[in-house]
1. Is one or more of the residues making up the stretch 427-449 open to solvent by 40 Å² or more (accessible area, probe 1.4 Å), modelled with pLDDT under 75 and more than 30 Å from K12 (Cα to Cα)?
2. With (1) touching a Ser or Thr at 6+ places or on another chain (Cβ under 7 Å); (2) among the basic types (K, R); (3) farther than 30 Å from I119 by Cα as the list, and K74 as the residue in question, which single condition is left unmet?
3. Filter the stretch 136-162 down to the residues that are assigned to a strand (DSSP E or B), open to solvent by less than 40 Å² (accessible area, probe 1.4 Å) and in contact with a Phe, Trp or Tyr (Cβ under 6 Å, 6 or more places away or on another chain) and list them by number.
4. Kindly check whether there is at least one residue in the stretch 29-46 that is within 43 Å of the chain's Cα centre (by Cα), open to solvent by less than 40 Å² (accessible area, probe 1.4 Å) and under 30 Å from E174 (Cα atoms).
5. Being of a type in the set (G, A, S), out of contact with any Pro (no Cβ under 8 Å at 6 or more places or on another chain) and within 20 Å of L197 (Cβ to Cβ) narrows it down to one residue among A153, A133, A140, A120; which is it?
6. Can you tell me which condition I91 does not meet? The list is (1) open to solvent by 30 Å² or more (accessible area, probe 1.4 Å); (2) within 27 Å of N205 (Cα to Cα), and all the others hold.
7. For the stretch 106-127, give me each residue that is among the aliphatic types (A, V, I, L, M) and farther than 16 Å from H44 by Cα.
8. Is it the case, given these coordinates, that K169 is surrounded by fewer than 20 Cβ atoms within 10 Å (Cβ to Cβ), in contact with a Gly (Cβ under 8 Å, 6 or more places away or on another chain) and part of a loop (DSSP other than H, G, I, E, B)?
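The values are calculated or read from the model by the stated rules, or taken from the named source; none is laboratory data. All of these numbers come straight from a predicted model, not from anything done at the bench. All Cβ positions, glycine included, derive from the backbone under ideal geometry; neighbour counts span all protein chains shown. What goes into the accessible areas is simple: the full protein's heavy atoms, side chains included, and nothing from ligands, DNA or RNA. Shrake-Rupley method; radii C 1.70, N 1.55, O 1.52, S 1.80 Å.
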Amino acid sequence: MAGAIIENMSTKKLVIVGVILLLFQAFSFMVGGLIAPSPTTAVHYLATKCVDTVKTHHKGSKWFMPWGPDQCSKIRDFDEAMAKRIEANNIVFAVHIPLPNREMSPWFQFMLVILQFDIAFKMQNQIEDGSLATMDVGLAYRDSTLNEWTEMAHSTEHRKLSCNFTATKTYENEGRYYECDLLPFMEVGSVAHKYYLLNIRLPVNERKKVNIGIGEIKDIRLVSIHQNGGFTKVWFAMKTFLTPSVLIIMIWYWRRITQMTRPPVLLEKIIFALGISMTFINIPVEWFSVGFNWTWMLLFGDIRQGIFYAMLLSFWIIFCGEHLMDQTERNHFSVYWKQVGPIVFGSFCLFIFDMCERGVQLKNPFYSIWASDVGTELAMAFIIVAGICACLYFLFLCFMVFQVFRNISGKRSSLPAMTKARRLHYEGLIFRFKFLMLVTLACAAMTVIFFIISQVNEGHWHWGGYTVQVNSAFFTGIYGMWNLYVFALMFLYAPSHKHYGDEQSSADQAGNSGEDIQLTTTITHVDGPTEIYKMTGKEAQETSLNTPYQK
């Protein structure tokens with residue numbers, strides 16, 4: 001009788017495999033926690049107020065530098081502008097990224113910029129409800145301080161102000177600042193150039209009510225967030241190492257299946273599909289982003305992750321369903337359309353949502369779905385619905401696992417009638433299957449737990465003389481965990497070449513044949529499905545009817 005490797009491997013060897021996988025899991029967490037730096041870096045900028053004079057327009061100058069040899073004509077504040085009779089339309093807020101004497105790098109992978117207004121309270125110029133700040137924004141780049149700036153993007157953007165004045169609105173409190181929420185400003189999918197320049201204008205048009213009722217803006221502050229180059233290198237190294245590892249085990253797994261005398265069953269196909277999706281997400285195409293300006297890499301990464309998680313969620317449903325013995329149908333993908341269909345639909349909705357955000361940002365990096373009321377409400381509603389669906393799915397998965405455990409436990413009533421050796425064998429099969437199911441739930445729970453920890457902790461822990469980067473450990477550890485999970489599935493559920501019972505005499509086999517039929521129904525091929533699969537009644541009913549019951 002042949003089955004999967006997990007069923008025929010000795011306990012000693014299985015423990016060795018488990019220890020090796022745990023060591024690799026610990027190593028993946030240590031790589032992120034002790035070797036890699038923090039995943040991202042946030043840099044704060046205060047916009048410089050430049051003056052766009054008529055003389056400057058005649059020179060044809062388009063970009064305003066806040067510092068350097070070709071810096072713009074600056075003012076300290078708007079009081080100085082009023083004293084010099086400089087109109088608001090002639091003031092340009094300029095920000096150079098990065099700070100002086102620094103350079104950006106393709107290893108930074110992306111650049112996310114968040115904006116915040118410093119708005120002072122004035123009795124005669126208060127922020128009106130639902131007010132919009134209209135900005136004429138431009139982005140330019142260059143790779144040498146001697147080169148001219150090249151326009152990268154230009155747009156007119158609107159951002160709704162959400163500010164709160166905590167003090168009493170009286171003349172005595174004039175000059176105090178509102179507490180305003182951070183606003184999404186820009187996202188670039190690659191950092192292919194060394195220097196970037198942002199020019200922001202706040203045009204005022206009283207007739208069209210443009211930038212009227214937004215209060216007295218004193219300053220504009222920006223926060224630029226990019227991935228750390230050191231973390232990028234560690235991340236690329238992990239992907240480069242894991243890609244051939246999973247690819248080799250996937251080829252080995254499918255080769256074993258094709259060597260059997262029967263066609264692959266649904267469970268074997270879905271495990272192979274899961275291996276393909278894991279390999280797809282592992283392929284380190286990000287190496288090319290270091291040399292090429294591929295702004296679509298963020299969107300491509302989201303698509304790869306979506307495919308993998310959709311396949312993983314579908315696999316869990318099918319894996320549990322194929323081990324439920326109360327289903328008359330089995331081994332057909334169409335049986336699971338009610339469970340898999342919502343997963344595919346949810347993944348498609350996520351894709352559409354991502355295309356509406358990052359898809360548009362390929363043309364306009366200043367676009368944000370959160371900038372409008374309708375976009376914000378749709379985005380929040382989608383996130384809430386997605387969270388509810390995720391919780392319901394997890395509860396449904398736990399229910400299916402409970403059903404599988406209950407069905408397998410029901411089979412234990414047949415075990416006392418067996419010989420001791422065969423009873424111990426099947427008890428080992430049941431234990432190993434339950435253990436794998438618990439590991440699956442533990443992986444899912446660990447992902448959620450570590451995600452929550454990474455969001456609420458301070459980013460790093462001090463452990464003796466070492467500093468542990470918790471966020472980096474989360475990324476590398478969870479990424480390594482799912483690779484090891486897929487690796488273990490393909491290895492343990494590959495067909496085994498070892499036949500249980502070969503060491504027994506033919507007389508002993510004849511005496512125990514009835515026990516096999518009671519637990520496994522009929523075995524039509526020596527390369528049949530896994531024994532747990534057969535124990536739970538998933539073999540074809542017609543083959544069972546064609547076999548006489550033996551006593």
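1. Yes.
2. Answer for K74: the failing condition is (3).
3. Answer for the stretch 136-162, where residues must be assigned to a strand (DSSP E or B), open to solvent by less than 40 Å² (accessible area, probe 1.4 Å) and in contact with a Phe, Trp or Tyr (Cβ under 6 Å, 6 or more places away or on another chain): V137, A140, R142, S155, E157.
4. Yes, that holds for at least one residue.
5. Working: A153 fails: out of contact with any Pro (no Cβ under 8 Å at 6 or more places or on another chain); A133 fails: within 20 Å of L197 (Cβ to Cβ); A120 fails: within 20 Å of L197 (Cβ to Cβ).
A140 is the lone residue from the list that is of a type in the set (G, A, S), out of contact with any Pro (no Cβ under 8 Å at 6 or more places or on another chain) and within 20 Å of L197 (Cβ to Cβ).
6. (1)
7. Of all residues in the stretch 106-127, those among the aliphatic types (A, V, I, L, M) come to 111-115, 119-120, 123, 127.
Once the filter is applied, which keeps residues that are among the aliphatic types (A, V, I, L, M) and farther than 16 Å from H44 by Cα, the stretch 106-127 yields I119, A120, M123, I127.
8. Values: surrounded by fewer than 20 Cβ atoms within 10 Å (Cβ to Cβ): yes; in contact with a Gly (Cβ under 8 Å, 6 or more places away or on another chain): no; part of a loop (DSSP other than H, G, I, E, B): yes.
Judged against the criteria, K169 is not a match.
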